[in-house]
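**Q** One structure coming up, written as structure tokens, with questions to follow.
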Amino acid sequence: MNKPVQLHLFNSIPESIQNTQSKTIEERAGTFTDNMKLPIHRWFRYSAGFSAAWVEKVITELKPQTILDPFAGSGTVCVAADKLGINSYGIEAHPFVYRLAQGKFAWSVQIHEFLAAVNEIKSLAVSLQQEIPDNIPVLLTKCYTNEALVDLFKIKQAYLEIAPSLSEELQSIIFLAICAILRPSSHVGTAQWQYILPNKRKAKTCEPFIALENQVAMMQEDMYQMQFVSRSSQAIFIKEDARHLTSIPDNSIDLVITSPPYANNYDYADATRLEMTFWGEVNSWSDLHETVRKFLIRSSSQHVSKERLSLDTLMAESIISPIRDELLPICQEIETIRGTKSGNKAYHTMIAAYFTDMGFVFNALRRVATSDAKICVVIGDSAPYGVYVPVEQWLGKLAISAGFNSWSFEHIRQRNIKWKNRKHSVPLHEGRLWIEG
Ligand SMILES: C[S@@+](CC[C@H](N)C(=O)[O-])C[C@H]1O[C@@H](n2cnc3c(N)ncnc32)[C@H](O)[C@@H]1O
């Protein structure tokens, strides 16, 4: 078995990145907050992204030829690469998030064509006689007043009628603009790209047509800015599985920057439920598995419960052999505690399945990465039912087993958000797993 070589932090990462002066960028590298002020990035907010300023900093220091983000989400890495004129690939398996991110990479369309198409949609929308259809999903009636819902359906109907006459890029960018107004138009607790809280009331709600006008004005401003520095997007954004990276050529990537799902039960399928419900792609929570979740890394208990996985079968996977001896007792301990809990969540198989999936991701990365590539994985650890899971260590071992040379972990911050409510006090952290070679 390969022995992991744990290097001192940043053994061969440039010193200026190690000793950065920019404390703020460093501390917030795991969040999306700062991106909401940045052109293009702010077109829609997405959970668990990282700061684009930090990504730009890494790219500027390491000067890669081609960057890959195998868990690209809203495309933070690829937009940052576009700004710096660097080739990039973004891989995203969530069909709806992929579609949204594609809208961002249409930033180079002619601005006057974008505005003309939006105006055509708005004019048609206001002229439509729209009634709220019978049997609309409860989520929509909980999130919107009748007036807001009528306007949103008018905008949707006008978009669907006009979209076939538009280029694919215009369709994508306008689809994104309409998605981006759904949460501001709701009067209930719709934190951006998070779960919906129908019982909470928002202080400020925006009427849909005004929200669209504001969104389009902001996008127009950003397009001017981006088009001033670059002519067209160099990002190739693909709907695909990070466990295979089928479309990425061998030995073609010299820098990977990514933040995969954490093993913390966050359900990415649920994160876009409101938007997917509005477009008629799902009707209820139970539709999410077939339409989204089954394509993703198994990082939530809903996912593994649906697949009815057994711990024995998961443990037999050869991909987890480098960590099996440590993984098995942890999963068994979680399973024992599960028996004492009313929630009965399958965290034991979630953890086993998570590391199996991530093992395949590192194998795929080994194939596409050059021999001197650098891989930066923004990751946090986990403690389901209060049992500590040393995530970065096990990911590091899986990376070495896949054929990489070394790993080191750079701590960014403490965290204990998800599990706090479940009455455990295991300290958790978040940081960057750097893998090399
Ligand atoms: C932490 S988010 C990444 C956010 C991203 N850094 C951004 O800028 O928005 C993780 C992403 O991985 C995606 N994902 C999960 N499983 C995947 C898989 N098997 N292949 C590709 N993407 C996957 C999720 O849908 C989610 O968008």
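**Q** Let me make sure I get this right: for segment 225-358, a, b and c are the square roots of the gyration tensor eigenvalues over alpha carbons, sorted descending. Under 1.5 in a/c it's rounded, otherwise prolate if a/b > b/c, else oblate. Which is it? Intermediate values should be presented prior to the final figure.
**A** Working: a/c = 2.60, a/b = 1.44, b/c = 1.81.
The shape class here is oblate.
**Q** So how strong a dipole does the chain carry about its Cα centre when Lys and Arg Cβ are +1 and Asp and Glu Cβ are -1, to the nearest 20 debye? It would help to have the intermediate numbers written out before the result.
**A** On the way: 44 positive and 46 negative charges, 246 e Å.
With only Lys, Arg, Asp and Glu charged at Cβ, the dipole is about 1180 debye.
**Q** Pick out the long, greasy-scoring helices in the chain: whole DSSP H runs spanning 30 Å or more along their own axis by Cα, mean Kyte-Doolittle at least -0.5. Can you show the working numbers first?
**A** Numbers: long enough: 208-229 (32 Å, 0.12); 347-368 (31 Å, 0.49).
The qualifying helices are 208-229, 347-368.
**Q** Here is a follow-up. Roughly speaking, what is the stretch gain from TYR224 to GLU333, that is 0.36 nm per residue apart minus the C-alpha to C-alpha distance, in nm to one decimal?
**A** Working: separation 109, 0.36 × 109 = 39.24 nm, distance 5.56 nm.
Separation in residues times 0.36 nm, less the Cα-Cα distance, equals 33.7 nm.
**Q** Hey, rough spin-label estimate for THR370 and SER123, points 7 angstrom out along Cα→Cβ, what's it come to in nanometres?
**A** Distance between label points: 5.2 nm.
**Q** Here is a further query. What is the distance in Å between the Cα centres of segment 277-341 and segment 219-238?
**A** Cα centroid to Cα centroid, the span is 38 Å.
**Q** Can I ask one more? Which whole-angstrom value gives the distance between the alpha carbon centres of segment 351-368 and segment 43-87?
**A** About 22 Å separates the Cα centre of segment 351-368 from the one of segment 43-87.
**Q** Moving on to the next point. With a/c under 1.5 counting as rounded, go ahead and sort segment 111-228 into rounded, prolate or oblate using the C-alpha gyration tensor (a ≥ b ≥ c being the square roots of the eigenvalues; past the cut-off, prolate if a/b is larger than b/c, else oblate).
**A** Values: a/c = 2.21, a/b = 1.38, b/c = 1.60.
The shape class here is oblate.
**Q** Given N residues in the chain, what is Rg(Cα) / (2.2 N^0.38 Å)? Spell out each step's value before the answer.
**A** On the way: Rg = 22.2 Å, N = 437, 2.2 N^0.38 = 22.2 Å.
Rg over 2.2 N^0.38 Å, computed on Cα atoms: 1.00.
**Q** Going down the table (LYS142/LYS200; LYS122/LYS156; LYS156/LYS200; LYS37/LYS57; LYS294/LYS397), which pairs top 20 Å between alpha carbons?
**A** LYS156/LYS200; LYS294/LYS397
**Q** With a 10 Å Cβ neighbour count serving as the proxy for reagent exposure, in which order, fewest first, do THR258, THR246 appear?
**A** Details: THR258 25, THR246 10.
So the residues, fewest neighbours to most, are THR246, THR258.
**Q** Using a Gaussian network model of the chain whose springs link C-alpha atoms within less than 10 Å, name the residue from GLU169, GLU120, GLU335 with the highest mean-square fluctuation.
**A** Sorting by GNM fluctuation, first place goes to GLU120.
**Q** Moving on. Size of segment 42-85 along its principal axes in angstrom, Cα-based, largest extent first?
**A** Principal-axis extents of segment 42-85 (Cα, largest first): 27, 19, 16 Å.
**Q** Which value in deg cm²/dmol, rounded to the nearest 500, describes the helix-derived mean residue ellipticity at 222 nm for the chain, given -39,500 (n - 2.57) per DSSP H run of n ≥ 4 and division by the residue count?
**A** Values: 18 runs with 188 residues, N = 437.
So the helix-based figure for the chain works out to -13000 deg cm²/dmol.
**Q** Among ARG273, ARG413, which comes first, second and so on when ranked by fewest other beta-carbon atoms within 10 Å? Working shown, then result.
**A** Working: ARG273 22, ARG413 15.
So the ranking, lowest neighbour count to highest, is ARG413, ARG273.
**Q** Further, regarding this structure: With +1 on each Lys and Arg Cβ and -1 on each Asp and Glu Cβ, and nothing else charged, work out how big the dipole of segment 111-228 is about its Cα centre, in Debye to the nearest 20. Please list the in-between numbers first.
**A** Values: 9 positive and 13 negative charges, 145 e Å.
Dipole size: approximately 700 debye.
**Q** Next question, about the same structure. In nm, to one decimal, how far is the LYS204 label point from the LYS142 one, both placed 7 Å along Cα→Cβ?
**A** With each label placed 7 Å out from Cα toward Cβ, I get 2.6 nm.
Read-outs: derived from the displayed coordinates by stated rules, not from any lab. Bear in mind the structure is a predicted one, so any value in this text is a computation, not a measurement. All Cβ positions, glycine included, derive from the backbone under ideal geometry; neighbour counts span all protein chains shown.
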